[in-house]
Amino acid sequence: MKKVINNPEQVVEETIEGFLAAYKRSYQKVENVNGIVRRDRKDKVAIVTGGGSGHEPLFLGLIGEGLADGVTLGNVFAAPPPTNVFEVAKAVDAGKGVLFIYGNYSGDVLNFGMAVELLEMEGITTNTVLVTDDVASAPTERKDERRGIAGDIFVVKIAGAAAEKGLSLEEVTKVTQKANDHTFSIGVALAPGTIPGATELPYTLADDELEVGMGIHGEPGMERTKMMPADALTDKLLEKLLAESNLQSGDEVAVLVNGLGSTTLMELFIVNRRVAKVLEEKGIQAYDMDVNSYCTTQEMAGFSITLLKLDNELKDYYSAPAVSPYYKKESIGGNVYAK
Amino acid sequence: MPNSLQEVQLNAVQVKEMFLYVGEKVRENKPLLTKIDSAIGDGDHGIGMSVGFTKAEEGLRQKEFTTINDVFKTIGMSMISTMGGASGVIFGTFFIGGVKGLDPQEVLTLPLLAQILEGSVSSIKQRGKAERGDKTMIDALEPAVEGLKQSVIGNQSLLEGLKVAESLAEKGVEQTKEYVAKFGRAKALGERAIGHQDAGATTVWIMFTAMREWVENAINQE
């Protein structure tokens, strides 16, 4: 596997070093662990996100004004150890509590869970919101077992804005949980990403095949089919997504078309064009559309579509400014997408 | 076979040496574990275990040990604080769960090993919420530990006990092929996970094999 790395066991440390070499004006490393925090921290509820590395710009690209205050990074595709989570939370706690936001994966739940116990002993209050946006990962009746994918972006965005406004930990948790409950994603894989240092592909997809609903670590999806044109594929994904999210004509959504690594922006725009058209036909208003590769899996090919169903409260927080080197949202006033 | 072999017991330095050897064996099997885990898991188990045992080795080599407790604790804390993933917590708990609350011990005998690992099993089950048949490392560990306990009752030597544990762990690994997974990426596979063995259970088997080998080699060198 060709990869621009040095030692596979050092990729996370070296990624952090490179990130900080570029952005040390705004961020600093947490001593002795793979964690990064904002330099200008405020007297507010602290937001901490994180998970396995290898999905850049997730998670380190989500720290900033109106976003997360700290990020805890595990090895490639592996949850961060409890001590790492603990140190990052301790570094950002301003005495108002810490909200953890991370994707619902066994490893993350175990490690963050252990860190929560350690933090309790230190007298630091925490709450947790698990991101469960991947509608393909479990049926509706087992919604809480679903995994988190690109929906992390919306959930952290809303949480960051709520915390920035000065809400209490309970209030921030409540609105963040609501953001998660309103966030629905589905992905499609065209080709696998590789694990740095691995000599074999983690799974294979034939040249003319795609898998609908495949997870970002190659978790099996709903259906493996032949390649198809962008519009037909987008329609297929939206059909499932719209059914799951129960969106009705007149509803408003924020949309994210997220590339998984090697799928080009050109392809993503072609998908987004179709998403916009289908939503319009259904009478669903796109309040905002974001086309980017935030949640990737190395050179994995494919994309995901995420819909955040907005109500007035979520819209306010969504519209608040947010700034990181990899995520920017100017303050949104008025709906430019509305006709 | 001379009598002393039946009564083999290990001091803290020997236990440390034994686990250094176990780590070496697990690291040697990194490609195999990666392959097994890639089939139904997320493919990081081999890398994670390798990182964990490398850090455990660093921890073990930095210190002088007088108690068994300290050896286990050093390995477990190295794993918990460096590996991450589900494996970090679970295999860290393998080493820490059993010595938690245990009075300082200077020699490892078969009864003590059985007692420590029995504590590990219950700690792991409590933390990971897995039971037998869920296609996890518990499927190899629990029968292996039962084997150790049976060997204690049968007045067997440490080596005999480890042989029994090794073979029951191997059988446990084989049985994981028949199970649907309840955790991790494999869970999403449903019935498609059947036919594949669990990577964590495989690691447990490798660990018991390595412990048995080390004790056997130590006896042969006597």
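The values are calculated or read from the model by the stated rules, or taken from the named source; none is laboratory data. Computed from a prediction, not measured in an experiment: that's the story for all the values here. Note that we place each Cβ from the backbone using ideal geometry, even for glycine, and neighbour counts take in every protein chain shown.
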Using the structure shown, decide if B:GLU160 is in contact with a Gly (Cβ under 9 Å, 6 or more places away or on another chain) and outside any helix (DSSP H, G or I).
no
A:THR194 is checked against (1) among the hydroxyl-bearing types (Ser, Thr, Tyr); (2) outside the structural domain of A:TYR318 (by TED's automatic domain parsing); (3) within 22 Å of the chain's Cα centre (by Cα) and fails just one. What number does that condition carry?
(2)
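Table: residues versus (1) surrounded by 21 or more Cβ atoms within 10 Å (Cβ to Cβ); (2) part of a loop (DSSP other than H, G, I, E, B); (3) at pLDDT 95 or above.
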residue	(1), (2), (3)
A:ASP288	no, no, yes
A:GLU299	no, yes, yes
A:SER331	no, yes, no
A:VAL336	no, yes, no
A:LYS339	no, yes, no
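Return yes when B:VAL13 is more than 14 Å from every other protein chain (Cβ to nearest Cβ), touching a residue at least 40 places away in the same chain (Cβ under 8 Å) and out of contact with any helix residue (DSSP H, G or I) (no Cβ under 8 Å at 6 or more places or on another chain) and no when it is not.
Values: more than 14 Å from every other protein chain (Cβ to nearest Cβ): yes; touching a residue at least 40 places away in the same chain (Cβ under 8 Å): yes; out of contact with any helix residue (DSSP H, G or I) (no Cβ under 8 Å at 6 or more places or on another chain): yes.
So B:VAL13 fits the description; yes.
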Residue by residue through region A:1-26, note down the ones that are of a type in the set (S, T, N, Q) and over 25 Å from A:VAL37 (Cβ atoms).
A:ASN6, A:ASN7
For B:VAL22, only one of the following conditions fails: (1) surrounded by 21 or more Cβ atoms within 10 Å (Cβ to Cβ); (2) within 10 Å of chain A (Cβ to nearest Cβ). What is its number?
(2)
Could you check, for region A:101-113, whether at least one of its residues is among the hydrophobic types (A, V, I, L, M, F, W, C), touching a residue at least 24 places away in the same chain (Cβ under 8 Å) and more than 12 Å from chain B (Cβ to nearest Cβ)?
yes
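Could you tell me whether any residue of region A:301-313 is in a loop (DSSP other than H, G, I, E, B) and modelled with pLDDT of 95 or more?
So far as region A:301-313 goes, yes, one or more of its residues are in a loop (DSSP other than H, G, I, E, B) and modelled with pLDDT of 95 or more.
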Of the conditions (1) more than 23 Å from A:ASP108 (Cα to Cα); (2) within 13 Å of another protein chain (Cβ to nearest Cβ); (3) acidic (Asp, Glu); (4) not in a helix (DSSP H, G or I), B:GLU58 clears all except one; give me its number.
(4)
For region B:38-54, how many residues meet the condition of being buried (at least 21 other Cβ atoms within 10 Å of the Cβ), under 22 Å from B:SER81 (Cβ atoms) and over 15 Å from the mean Cα position of the chain (by Cα)?
4
Give me the residue from region A:226-269 that is polar (S, T, N, Q) and loosely packed, with under 14 Cβ neighbours inside 10 Å and, out of that set, farthest from the chain's Cα centre (by Cα).
A:SER249
So, of the residues in region B:168-204 that are in contact with an Asp or Glu (Cβ under 6 Å, 6 or more places away or on another chain) and at the interface with another protein chain (Cβ under 9 Å from one of its Cβ atoms), which turns out to be farthest from B:ALA140 (Cα to Cα)?
B:ALA188
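Considering only residues of region B:61-80 that are part of a helix (DSSP H, G or I) and among the hydroxyl-bearing types (Ser, Thr, Tyr), which is surrounded by the fewest Cβ atoms within 10 Å (Cβ to Cβ)? Give the derivation first.
Here is the first cut: in region B:61-80, the residues part of a helix (DSSP H, G or I) are B:61-62, B:68-80.
Then drop every residue that is not among the hydroxyl-bearing types (Ser, Thr, Tyr), which leaves B:74, B:78.
Details: B:THR74: 21, B:SER78: 23.
Top of the filtered list is B:THR74.
Here is a yes/no grid of residues against (1) touching a helix residue (DSSP H, G or I) at 6+ places or on another chain (Cβ under 6 Å); (2) outside the structural domain of A:GLY213 (by TED's automatic domain parsing); (3) without any contact (Cβ under 8 Å) to a residue 12 or more places away in the chain:
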{"position": "A:THR234", "(1), (2), (3)": "yes, no, no"}
{"position": "A:GLY250", "(1), (2), (3)": "no, no, no"}
{"position": "A:GLY259", "(1), (2), (3)": "yes, no, no"}
{"position": "A:LYS277", "(1), (2), (3)": "no, no, yes"}
{"position": "A:THR297", "(1), (2), (3)": "no, no, no"}
{"position": "A:THR306", "(1), (2), (3)": "yes, no, no"}
{"position": "A:GLU313", "(1), (2), (3)": "no, no, no"}
{"position": "A:SER319", "(1), (2), (3)": "no, no, no"}
Counting only residues in region A:34-51 that are in contact with a helix residue (DSSP H, G or I) (Cβ under 8 Å, 6 or more places away or on another chain) and modelled with pLDDT under 95, the one nearest to the other protein chains (Cβ to nearest Cβ) is identified as A:ARG41
Only one of A:VAL11, A:VAL4 that is surrounded by fewer than 21 Cβ atoms within 10 Å (Cβ to Cβ) and either on the phi > 0 side of the Ramachandran plot or within 14 Å of chain B (Cβ to nearest Cβ) (or both):
A:VAL11
Pairs under 8 Å by beta carbon, first residue more than 9 Å from every other protein chain (Cβ to nearest Cβ) and surrounded by fewer than 19 Cβ atoms within 10 Å (Cβ to Cβ) in region A:193-222, partner part of a loop (DSSP other than H, G, I, E, B) and aliphatic (A, V, I, L, M), six or more apart or different chains?
A:ASP208/A:MET227; A:GLU209/A:MET227; A:MET222/A:ALA136
Test each condition in (1) of a type in the set (Phe, Trp, Tyr); (2) more than 14 Å from every other protein chain (Cβ to nearest Cβ); (3) assigned to a helix (DSSP H, G or I) for B:PHE94 and report the one that comes out false.
(2)
Residues located in region A:27-47, provided they are touching a residue at least 40 places away in the same chain (Cβ under 8 Å), surrounded by 14 or more Cβ atoms within 10 Å (Cβ to Cβ) and either assigned to a loop (DSSP other than H, G, I, E, B) or of a type in the set (S, T, N, Q) (or both):
A:VAL30, A:VAL33, A:ASN34, A:ARG41, A:LYS42, A:LYS44, A:VAL45
By my count, strands (runs of 3 or more DSSP E) wholly in region A:48-133 with at least 3 residues that are touching a Pro at 6+ places or on another chain (Cβ under 7 Å), surrounded by 21 or more Cβ atoms within 10 Å (Cβ to Cβ) and not assigned by TED's automatic domain parsing to the domain that holds A:GLY213 are A:70-76
If you check A:VAL257, A:VAL271, which single one turns out to be among the β-branched types (Val, Ile, Thr) and in a helix (DSSP H, G or I)?
A:VAL271
